[in-house]
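Shown next, in C-alpha cells, is the structure this report addresses.
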Amino acid sequence: ASQLPFPTLQVRGPGLGVVGVSKGAEVALAMASFLPQVVATVWINGTPSFYGNPVVYKDLRIPAIPYQPERAVFTEVGALDNSAVFPDPRDPAYSSSAIPTEKIRGKVLFVVGEADRSFDSKLFAQLAMARMPPENCRLLSYPGAGHLIEPPCSPLCSTSSMRKSPRPVAWGGEAQAHAKAQEHSWQEIIQFLEFHLGSVASRKL
C-alpha cells in the first residue's frame, strides 16, 4: 500500500516563538527566561511562579509553590473551583519560586481572561510583567473570558474533566464575551508572532 509523504518541517529561525496556555504558559515563560533563542512568547492565563513541581535546569534548581487542594470549593453545578488552590505568589515564603522574567530578552504577549475560575490570571500577568522592562511585554485582558482561551470558533469550555481530578473542573467564561476574546486575541497573537518571527507569506518555497 502506498503511503502519503510525511511533510518535512523546518524551523525558520533565527528566533523561536512559544505559545502556552495554563500550565503550558508557565513553561513558556520559563523557556523565555532561560533560552535566549526564544524571542516571542504568548502567555495565556498562566502563572508568574512555578507551581507543583520544582524546576531543574542545568545547575539551577527552583523550588515550586505547593498546591493546596484542600482549599478547592464546589461550584453551583458541582465542579471544582480551584482558584484558591494556588497560594498567593506574593507571599515572601514563595519568592524563590518566581519565574525570573527579568532575564527575558525577547517579547511577551500576556493574554488574560478576567472570568478565569482557575486562578487570578490578571494578577498573575501583572506580577510577571512587574519584573520586566515595559517595552518587552504587553497585556490583553478580556472581561467575561474564561481560562481556556483558544483559536476562534472553538466552543467555550467552561467546565471539563481533568486527569487526576476527582470532579470536573470549572474554567469559567461567558459564552459571548469568551467568543469575542478568542476572535480578538487570535488576531493579536498572529500579528505579534509575525512581527517578531517574520510572516509566513515571506517564507521562500
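The values are calculated or read from the model by the stated rules, or taken from the named source; none is laboratory data. Computed from a predicted structure; not experimentally measured. Cβ sites come from the backbone with ideal geometry, for glycine too, and all protein chains shown count toward neighbours.
Quick notes on this structure:
- Residue count, region 98-141 (criterion: assigned to a helix (DSSP H, G or I) and either more than 18 Å from residue 88 (Cα to Cα) or of a type in the set (Lys, Arg) (or both)): 6
- Close contacts from region 56-78, counting a first residue that is touching a residue at least 60 places away in the same chain (Cβ under 8 Å) and a second that is surrounded by fewer than 14 Cβ atoms within 10 Å (Cβ to Cβ), with Cβ to Cβ under 6 Å and a gap of 6+ residues or different chains, come to none at all.
- Within region 24-40, residues that are closer than 14 Å to residue 100 by Cβ and charged (D, E, K, R) sit with their Cβ atoms under 9 Å from residues that are at pLDDT 95 or above and crowded, with 21+ Cβ neighbours inside 10 Å, at 6+ positions apart or across chains, in these pairs: 26/43; 26/46; 26/47; 26/48; 26/49; 26/50; 26/99.
- Search result, residues across region 156-187 that are loosely packed, with under 15 Cβ neighbours inside 10 Å and either at pLDDT 95 or above or of a type in the set (Val, Ile, Thr) (or both): 175, 176, 183, 187
- When residues in region 101-119 are screened for being at pLDDT 95 or above and under 13 Å from the mean Cα position of the chain (by Cα), 7 of them pass.
- Among (1) over 27 Å from residue 165 (Cα atoms); (2) without any contact (Cβ under 8 Å) to a residue 40 or more places away in the chain; (3) touching a strand residue (DSSP E or B) at 6+ places or on another chain (Cβ under 9 Å), the one test that residue 106 misses: (2)
- Set 122, 107, 58, 103: member being touching an Asp or Glu at 6+ places or on another chain (Cβ under 8 Å) and under 22 Å from residue 31 (Cα atoms): 122
- Subset of region 163-183 [assigned to a loop (DSSP other than H, G, I, E, B), within 16 Å of residue 72 (Cα to Cα) and under 17 Å from the mean Cα position of the chain (by Cα)]: 171
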